[in-house]
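Let me begin by presenting the structure, written as C-alpha cells, before commenting on it.
What follows draws every value from the coordinates through simple rules; no lab data is involved. What you see is a predicted model; the values in this text were computed from it and never measured. Every residue, glycine among them, receives a Cβ derived from its backbone with ideal geometry; neighbour counts consider all protein chains shown.
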Amino acid sequence: MLSEKMNEALNVQANRELYSSYLYLSMSYYFESINMKGFAHWMRLQAGEELVHTMKMLDYVAGRGGRAEMLAVEAPQLSWASPLQAFQHVWDHERVVTGLINSLVRVAESEKDEAAKDFLQWYVKEQVEEEESSDNVLNKAKAAGDNKAALEAADRELGERHFKFPRGFEIFPYAGFAKIER
Ligand code: OFO
C-alpha cells in the first residue's frame, strides 16, 4: 500500500508527464503549421511516448492499491520563433523532468518505500535516454541554423523516426504526419 504522500507525489508526476505529452503535441502542430512534417512526426511520437510514461505511473499507483487521480493539465506554449527555439525548449524541459524524477526518488526514500524506489529506476534510466535524444535533435537544429536546405534535410531525417510502443501501450497505431504524407 502506498503512503498518502507517495500516492500524491506519483499523481503529481503523472500529471507532469501528461503535460510533457501535451507540450510535445503542441510542438507537433506548430511544426505542422510551418510545413515541417518530419519534425511534426518526431514530436507526435514523443507526445505518445510521454502518454506511456503517464499511464505507466498511474497504473503503478492503482496496482499498489493507491488512487490514480487525473489532475488539471496546464496549457502548453502554442508557438515558437523557430525550430531551433522549439528544440531548445525540449532540451530545457527534459532537464526539468529529470530533476522532478530525482525528487520523486527522494520522496520514496523518505517514505522508506523500497518498491516505489525500485519502480522509479525505470524513469531514472528513461531520463538518460530522453536527455540524449534531446541533445541529438537540438544539435541537428543548431547545425542547420537558418540554412533552408539543411533544415529540410533534418526535417526529412527526423521524419524517419520509429517508436515501438511497449506491450499493453499500443495507443498510437498511426504513423504520424510524415508517414501519412508519404
Ligand atoms: Fe517522460 O520523459 Fe520526457 O518528459
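How big is the C-alpha Rg of the chain next to the rule-of-thumb value 2.2 N^0.38 Å, as a ratio?
Numbers: Rg = 17.3 Å, N = 182, 2.2 N^0.38 = 15.9 Å.
Rounded to two decimals, the normalised Rg is 1.09.
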Fill in: Label-to-label distance, nm, for residues given as K125 and S79 (7 Å Cα→Cβ offset)
4.2 nm
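Under the Kirkwood approximation applied to all pairs of distinct alpha-carbon atoms, what is the hydrodynamic radius of the stretch 26-115 in Å?
Working: mean 1/r = 0.0651 Å⁻¹.
One decimal place: 15.4 Å for the Kirkwood radius.
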Fill in: Among E50, E152, E114, residue whose mean-square fluctuation peaks in a GNM of the chain (springs only between Cα atoms under 10 Å)
E114
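Under the 0.36 nm per residue contour assumption, what length would be gained going from the current alpha-carbon distance of E69 and N139 to full extension? Intermediate values should be presented prior to the final figure.
Details: separation 70, 0.36 × 70 = 25.20 nm, distance 3.73 nm.
So the extension gain works out to 21.5 nm.
Computed from the mean reciprocal separation of all distinct C-alpha pairs, what Kirkwood hydrodynamic radius does the stretch 62-141 have, in Å?
On the way: mean 1/r = 0.0677 Å⁻¹.
Hydrodynamic radius (Kirkwood, Cα pairs) of the stretch 62-141 is 14.8 Å.
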Worksheet item: When the chain is fully extended, how far beyond the present Cα-Cα distance does E157 get from I34, taking 0.36 nm per residue of separation?
Response: 42.6 nm
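Per DSSP H run of n ≥ 4, the term is -39500 (n - 2.57); total these for the chain, divide by its residue number, and report the mean residue ellipticity at 222 nm rounded to 500 deg cm²/dmol. Intermediate results must be reported in sequence, preceding the final value.
Numbers: 6 runs with 132 residues, N = 182.
Theoretical 222 nm ellipticity from helices: -25500 deg cm²/dmol.
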Worksheet item: Under unit Cβ charges (Lys, Arg +1; Asp, Glu -1), what dipole magnitude, rounded to 20 debye, does the stretch 1-136 have relative to its Cα centre?
Response: 220 debye
